[in-house]
Amino acid sequence: MPVRVRIARLHIDAAVVPVAADRNGALAVPDDPLVTGWWNASARPGAQSGSVVIDGHVDSATSGLGAFFSLGQLSPGDHVAVSNSTGESSSYQVVARRRYAKTVLPATEIFSQAVSPRLVLVTCGGAFDRDTGSYLDNVVIYATPM
């Protein structure tokens, strides 16, 4: 399973821990904003098909910036490396950056396992709603193996 995600251009080097989706389908995010979460029902790095899904916080009211604070700055062509528990690393190249309102997040598309191998990185973005204590959007990065 993945244990580390690195994005050299953005100076991101974060631990990865397994996370699950709740019964409503919402994906958990690690409590520590500097740690990212790998959806434990998604593909593993290097798999021949499926989405490797990793999420992380953009920030935290109590702890400051999160591991994926600058994720929205990624552009097509940027590189992402994901290391697994045996020390092997899988390299991916960003092919798209999307921002979706949380109310219309295409979860079926993002979490699909019936796709060619890819990495999907997810964090919060857009405006912050102080009433709900939540961002209104999600930033989603799609990357393919190199």
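The values are calculated or read from the model by the stated rules, or taken from the named source; none is laboratory data. Remember, predicted model here, so these are calculated numbers, not experimental data. We place every Cβ from the backbone using ideal geometry, glycine too, and count neighbours over all the protein chains shown.
Within the stretch 28-35, does at least one residue satisfy the condition of being out of contact with any strand residue (DSSP E or B) (no Cβ under 7 Å at 6 or more places or on another chain), surrounded by 14 or more Cβ atoms within 10 Å (Cβ to Cβ) and at pLDDT 95 or above? Yes, some residue in the stretch 28-35 is out of contact with any strand residue (DSSP E or B) (no Cβ under 7 Å at 6 or more places or on another chain), surrounded by 14 or more Cβ atoms within 10 Å (Cβ to Cβ) and at pLDDT 95 or above. Only a single criterion out of (1) β-branched (Val, Ile, Thr); (2) farther than 20 Å from Gly50 by Cα; (3) surrounded by 14 or more Cβ atoms within 10 Å (Cβ to Cβ) is not satisfied by Thr123, namely (2).
When the residues of the stretch 1-27 are narrowed to those that are in a loop (DSSP other than H, G, I, E, B) and farther than 27 Å from Val104 by Cα, which ends up modelled with the lowest pLDDT? Steps first, please.
To start, the set of residues in the stretch 1-27 that are in a loop (DSSP other than H, G, I, E, B) comprises 1, 11, 20, 22-26.
Those still in the list that are farther than 27 Å from Val104 by Cα too: 1, 11.
Details: Met1: 91, His11: 96.
Taking the candidates together, the pick is Met1.
Just so you know, in the stretch 130-146 the residues that are small (Gly, Ala, Ser) and in a strand (DSSP E or B) include one that is surrounded by the most Cβ atoms within 10 Å (Cβ to Cβ), and it is Ala143. Among the residues of the stretch 113-129, are any more than 14 Å from the chain's Cα centre (by Cα), at pLDDT 95 or above, under 13 Å from Arg6 (Cα atoms) and part of a loop (DSSP other than H, G, I, E, B)? No, the stretch 113-129 contains no residue that is more than 14 Å from the chain's Cα centre (by Cα), at pLDDT 95 or above, under 13 Å from Arg6 (Cα atoms) and part of a loop (DSSP other than H, G, I, E, B).
Among the residues of the stretch 82-96, what is the count of those that are of a type outside the set (D, E, K, R) and either over 13 Å from Arg6 (Cβ atoms) or surrounded by fewer than 13 Cβ atoms within 10 Å (Cβ to Cβ) (or both)? Full working, then the answer.
Restricting attention to the stretch 82-96, the residues satisfying the condition of being of a type outside the set (D, E, K, R) are 82-87, 89-96.
This time we only want the ones that are either over 13 Å from Arg6 (Cβ atoms) or surrounded by fewer than 13 Cβ atoms within 10 Å (Cβ to Cβ) (or both), so: 85-87, 93-96.
Final tally of qualifying residues: 7.
Determine if the stretch 37-47 includes at least one residue that is assigned to a strand (DSSP E or B), modelled with pLDDT of 95 or more, among the hydroxyl-bearing types (Ser, Thr, Tyr) and under 21 Å from Gln113 (Cα atoms). Within the stretch 37-47 (the criterion being assigned to a strand (DSSP E or B), modelled with pLDDT of 95 or more, among the hydroxyl-bearing types (Ser, Thr, Tyr) and under 21 Å from Gln113 (Cα atoms)), the answer is no, since none of the residues qualifies. Scanning the stretch 5-57 for residues that are among the basic types (Lys, Arg) and over 14 Å from the mean Cα position of the chain (by Cα) returns Arg9, Arg23.
Looking at the stretch 60-106, which of the residues that are hydroxyl-bearing (Ser, Thr, Tyr) and not in a strand (DSSP E or B) is farthest from Pro145 (Cα to Cα)? Here the answer is Thr62. Please specify each residue of the stretch 60-81 satisfying the condition of being at pLDDT 95 or above, out of contact with any Lys or Arg (no Cβ under 8 Å at 6 or more places or on another chain), of a type outside the set (S, T, N, Q) and surrounded by fewer than 17 Cβ atoms within 10 Å (Cβ to Cβ). If the condition is that a residue be at pLDDT 95 or above, out of contact with any Lys or Arg (no Cβ under 8 Å at 6 or more places or on another chain), of a type outside the set (S, T, N, Q) and surrounded by fewer than 17 Cβ atoms within 10 Å (Cβ to Cβ), then Leu65, Gly77 are the ones that fit.
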